[in-house]
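K.L.:
Got a structure for you, written out below as structure tokens; questions coming shortly.
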Amino acid sequence: VKGARPELGSSAVFAPDGSLLVAAKQGEHVMIYRSADEGKTWSAPAAVNAQPEAISADGENRPKIAFAADGGLLVSWTHPFPKPNTGSVRLARAADGQRFSPPVTVHQDTAIITHRFESMLTLPDNRVILAWIDKRDLESAKAAKAPYRGAAIYAALSTDGGRSFQPEYKLADHSCECCRLTSAIDRDGAPLFMWRHVYAPNERDHAITRLKPDGTAESVQRATFDRWKVDGCPHHGPSLVVDEKGVRHAVWFNQKDGEGRVFYGRPEISAKNEIDGQRPVGGPRAAHADMAAAGGKLAIAWKEFDGERTQLRAMVSTDGGHSFTDIALASTDGASDQARVIRRKDQLFTFWRTEKEGFRLFPLP
């Protein structure tokens, strides 16, 4: 009998003191691992949630870790309920970066439905916004025997660094059901969220929303134009960054001309109905790309199965995404998590967790 797939979904962030922190699942706890030497050695892990509870840690729905503007360490995760595809979004905060207060559920809706795949965005004014995929409107439509495409995107806003959250509210109807969301801060400081959307009747391209200062959606605009028609979710969310010049960059997975690929492009919102600089990333088996920008550089990392081993690869651009240098970073012949690109000041790194090799950090040139 084949064993259960290991749940390797992890997130990494650099602390203000330069140390590397990783949030990962161990049994019914989210654990924090710390490294003062860029991942060569790790401290004994510390539990975020003192009381055990079920935790999702697959690649699209992993625990998240971030610092609020006031220095508080925030960890969010999805707590799955026994009913399939249901859960609640949880968050715990450590004011001193070490000792966590008991976790809270960030939404007031307690129905046994989907509240999953959260994205956590921390803002310089100590606001924290979590957005997630939510099926309350789908359930209402079902009860009324009315049609409803996909799920919805809901968000909850904290104005005190994640200590408390205001009642949740809807950002958009008709999101795809099982892809991670991504978030970024726009050139003027406005929060951005991006997700796979279901355009009528069933085109699963991506949407971006900009949020107003009160956290509500200013607009929801189409961001990719591959016209992928599929009656299902590819479990393959996007990544979005805004560089120092204010240019938006995205990576996403879609099918175009019959071939499923990872793509890169610059989703400048305009009336053109196209995305600037769109190009494939990696080969035909590239998957689950992530991206970050710092110090005038833009880096994309992804994994790609070559028929025998899973390769970890990266591309780095120094000219705003117009050209890239390819880099081979590592490989594994066991299970692996998705790659993450993280930053420490002006330096970019790829973080990768594999079943056999554990946590690894690769500085990018």
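The values are calculated or read from the model by the stated rules, or taken from the named source; none is laboratory data. From a predicted model like this one, the values you see are computed outputs, not experimental measurements. With ideal geometry, Cβ positions are generated from the backbone for all residues, glycine too; neighbour counts draw on all protein chains shown. We work out accessible area using only protein heavy atoms, side chains counted, and drop any ligands, DNA or RNA first. Shrake-Rupley method; radii C 1.70, N 1.55, O 1.52, S 1.80 Å.
K.L.:
Per DSSP H run of at least 4 residues, take -39500 (n - 2.57); add these up for the chain, divide by its residues and hand me the 222 nm value, nearest 500 deg cm²/dmol.
P.N.:
That calculation yields -500 deg cm²/dmol at 222 nm.
K.L.:
Roughly how big is the stretch 196-277's charge dipole about its Cα centre, with Cβ charges of +1 (Lys, Arg) and -1 (Asp, Glu), in debye to the nearest 20?
P.N.:
60 debye
K.L.:
Assign unit charges at the C-beta atoms only (+1 for Lys and Arg, -1 for Asp and Glu), then state the dipole size of the stretch 242-297 relative to its Cα centre in Debye, rounded to the nearest 20.
P.N.:
For this selection, approximately 80 debye.
K.L.:
Moving on. With a 1.4 Å probe and every protein chain left in place, work out the accessible area per residue of the stretch 317-365 in Å², rounded to a whole number.
P.N.:
With the other protein chains kept in place, the stretch 317-365 gives 46 Å² per residue.
K.L.:
Here's a follow-up. Determine the shape class of the stretch 1-145: with a ≥ b ≥ c the square roots of the Cα gyration tensor eigenvalues, call it rounded for a/c under 1.5, and otherwise prolate if a/b is greater than b/c, oblate otherwise.
P.N.:
oblate
K.L.:
Something else: Take the chain, connect every pair of alpha-carbon atoms lying under 10 Å apart with a spring to form a Gaussian network, then pick out the residue of ALA131, ALA57, ALA15 with the largest mean-square fluctuation.
P.N.:
ALA15
K.L.:
Only Cα pairs under 8 Å and at least 6 apart count here; give the relative contact order of the chain as a rounded whole percent.
P.N.:
10 percent
K.L.:
Could you point to the residue in SER19, ASN254, ALA293 farthest towards the positive end of the chain's charge dipole, with +1 and -1 charges on the Cβ of Lys/Arg and Asp/Glu respectively?
P.N.:
In the chain, that residue is ASN254.
K.L.:
Quick check: from the Cα gyration tensor, does the stretch 226-365 come out rounded (a/c under 1.5), prolate or oblate?
P.N.:
Oblate shape, in that a/c is at least 1.5 and b/c is the bigger or equal ratio.
K.L.:
Looking at ALA146, PRO167, THR310, which one has the Cα that reaches farthest to the positive end of the dipole of the chain (charges on Cβ: Lys, Arg +1; Asp, Glu -1)?
P.N.:
ALA146
K.L.:
Where nothing but the Cβ of Lys and Arg (+1) and of Asp and Glu (-1) is charged, how large is the charge dipole of the chain around its Cα centre, in debye to the nearest 20?
P.N.:
Computed about the Cα centre, the dipole is about 340 debye.
K.L.:
Continuing with this model, one more query. Give me the aspartates and glutamates in straight-line cross-link reach of LYS83: C-alpha distance below 20 Å, same-chain residues under 8 apart excluded.
P.N.:
GLU7, GLU28, GLU53, ASP58, GLU60, ASP109, GLU118, ASP134, ASP137, GLU139, GLU177
K.L.:
How much of VAL13 can a 1.4 Å solvent probe reach, expressed as accessible area in Å² and rounded to 10?
P.N.:
We get 30 Å² for VAL13.
K.L.:
Ordering THR110, THR122 by how much accessible area each has at a 1.4 Å probe, largest first, what is the list?
P.N.:
Largest accessible area first, the list is THR110, THR122.
K.L.:
Please build a GNM for the chain, connecting alpha carbons under 10 Å apart, and tell me which residue among GLU268, GLU259, GLU168 fluctuates the most.
P.N.:
Top of the fluctuation ranking is GLU259.
K.L.:
Sort ASP290, ASP257 by heavy-atom solvent-accessible area, probe 1.4 angstrom, most to least.
P.N.:
Ranked from most to least accessible, the order is ASP257, ASP290.
K.L.:
Keeping the other protein chains in place, figure out the carbon and sulfur percent of the accessible area of the stretch 176-275, with a 1.4 Å probe.
P.N.:
The C+S portion of the solvent-accessible surface of the stretch 176-275 is 47 percent.
K.L.:
Per residue, how much accessible surface does the stretch 1-146 expose to a 1.4 Å probe? Answer in Å², no decimals.
P.N.:
44 Å²
K.L.:
Springs between alpha-carbon atoms under 10 Å, Gaussian network over the chain: tell me which of ASP37, ASP186, ASP134 tops the mean-square fluctuations.
P.N.:
Most flexible of the set in this elastic network: ASP37.
K.L.:
Would you calculate the separation in nanometres between label points at ASP17 and ASN273, each defined as 7 Å from the Cα along the Cα-to-beta-carbon direction?
P.N.:
5.5 nm
K.L.:
Sticking with this structure for a sec: Using alpha carbons only, how many angstrom separate the centre of the stretch 121-144 from the centre of the stretch 228-292?
P.N.:
So the separation of the two Cα centres works out to 23 Å.
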